Amino acid sequence: QVKAQGPGGQTLQEMEANGRPPAEQLAQPSVDPIVEQLRLLQSFDVGYSLRRFDDIALSVAGGKPFSVGGPIWRNQEFYRKYYHTHSIAHSTERIINAIYPPEHVEAAPSSYIAERPVGLDGRASLGPGPGHDVIFLSHVGPVGLGEAPEAPCGRDWGPRPGGDYGDICLRGALDHVRTRGTEVPLVVFGHMHKQLITGAGQLRQMVVVETQEGLMPLNPGAPVTVAGGLVRDGKVLPHTVMVNTAVVPRVLRRLQNRRLMVMRHFVDIEFVQGTGVRKIDELWVDNSGVVLERIPMYSNDGAF
C-alpha cells in the first residue's frame with residue numbers, strides 16, 4: 001500500500017484528522033518556483049542576456065523575462081527581487097547591454113540564486129559573434145504591431161477590447177540594435193493567445209513582417225505569404241518576421257480507436273542564415289515525435 005505524505009511526513013489521513021485540509025498544506029511550495037525554474041534552465045535562460053551558437057552563426061538575445069506588456073512598469077517588487085531591475089528604461093538598457101556589452105560592467109547582486117550563468121544581472125556578455133544573425137526571444141512581442149484585438153499583441157479583454165499591449169522595453173532594444181547596423185530577421189514570442197476571448201472562433205494574427213517602412217499589410221487570421229515583396233533590385237530588403245507562438249492548450253488529448261492520443265504543439269521555423277525566415281508552420285506532434293498535423297503560418301519562398 002502506498003501512502004501519500006505531506007509536510008513533516010504526515011499522511012493525508014493524519015492531516016485531515018488534524019483539521020487542516022491536505023491540499024492547503026501540500027500547496028505550500030518548499031522552494032521558490034521562480035528560483036527553481038532559473039536553476040533548471042541555467043545557460044539556456046536568455047532573459048536579459050544573449051546566447052551564441054557559433055557553429056551556425058546565430059545569436060539569441062532575450063527580452064524582459066515574464067513580461068506581460070502594456071504601457072506601464074508592472075510587478076515592481078517581482079523585478080526588484082529576481083532581476084534587480086526597476087524601470088522601463090533600466091530594463092531596455094539591460095537588453096541592449098547583453099547585445100552590446102559595455103567595456104566594464106559591475107556584477108549586480110543576485111539574491112535569488114547563487115550559481116546564475118554568465119549573462120544575467122549585469123555581468124558582461126561576449127556579444128554576438130562576427131557575421132551572426134541576431135534573433136530575439138521574449139515572453140511577449142514588442143509594442144508597435146497593431147492596436148486591434150486581433151493584432152499579435154493586441155488587447156482582446158475587458159469591456160472595450162483594443163490597444164497595443166506589446167512590450168516597450170523590447171521595442172526600444174530592437175530599434176536601438178537596428179540603428180547600430182545589426183539586422184534582426186526574427187522575433188519569437190508568445191503570451192497573447194491565438195484564440196481571442198472576444199468571441200467564438202476569432203483568431204489572432206500570429207505573424208507579421210516589419211520593414212523599414214513599417215508593417216506589411218496582411219490578412220488577419222490567414223497564413224502570411226510573401227512572394228518577392230521583400231526583394232528589390234535583386235537584394236533582400238532588411239525586414240523582421242515577428243511570430244507569436246502562443247497556442248493554448250499546448251497539449252491535446254483525444255480518444256482514437258479507444259486509445260488515448262496525446263498531441264503537443266510546436267512551431268517549426270525554417271531560417272536561412274544571412275537572408276532570414278523562409279517558412280513557419282504550426283505542428284501537432286505525438287509522443288513518439290510523429291507530426292500529425294502541419295498548419296502553414298508563413299511562407300517566403302519567392303524572396304530567396
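Couple of notes before you dig in:
- Residue among ARG254, ARG258 that alone is at positive phi, at pLDDT 80 or above, surrounded by fewer than 17 Cβ atoms within 10 Å (Cβ to Cβ) and not polar (S, T, N, Q): ARG258
- Residues located in the stretch 153-210, provided they are more than 28 Å from ALA57 (Cα to Cα) and open to solvent by less than 30 Å² (accessible area, probe 1.4 Å): CYS153, GLY154, ASP156, GLY162, GLY163, GLY166, MET192, LEU196, GLY199, ARG204, GLN205
- Matching entry among GLN28, GLN1 (being open to solvent by 90 Å² or more (accessible area, probe 1.4 Å), among the polar types (S, T, N, Q), in a loop (DSSP other than H, G, I, E, B) and at pLDDT 55 or above): GLN28
- The residues on offer are SER288, SER299, and the sole one that is open to solvent by 80 Å² or more (accessible area, probe 1.4 Å), more than 28 Å from VAL68 (Cβ to Cβ) and modelled with pLDDT of 80 or more is SER288.
- Within the stretch 253-283, the set of residues being more than 30 Å from LEU237 (Cβ to Cβ) and under 19 Å from the mean Cα position of the chain (by Cα) comprises ARG264, HIS265.
- Residues that are open to solvent by 20 Å² or more (accessible area, probe 1.4 Å), at positive phi and either outside any helix (DSSP H, G or I) or modelled with pLDDT of 90 or more (or both) within the stretch 35-67 comprise ALA57, PHE66, listed in sequence order.
- ARG171 vs. criteria at pLDDT 95 or above and assigned to a helix (DSSP H, G or I): yes
- Candidates LEU137, LEU126 - the one that is closer than 26 Å to TYR298 by Cα and either at pLDDT 95 or above or surrounded by fewer than 20 Cβ atoms within 10 Å (Cβ to Cβ) (or both): LEU137
The values are calculated or read from the model by the stated rules, or taken from the named source; none is laboratory data. Predicted model only: the values in this text are computed from it and were never measured. Glycine also receives a Cβ, built like all others from the backbone with ideal geometry; neighbour counts cover every protein chain displayed. Ligands, DNA and RNA are excluded from the accessible area calculation, which covers all protein heavy atoms including side chains. Shrake-Rupley method; radii C 1.70, N 1.55, O 1.52, S 1.80 Å.
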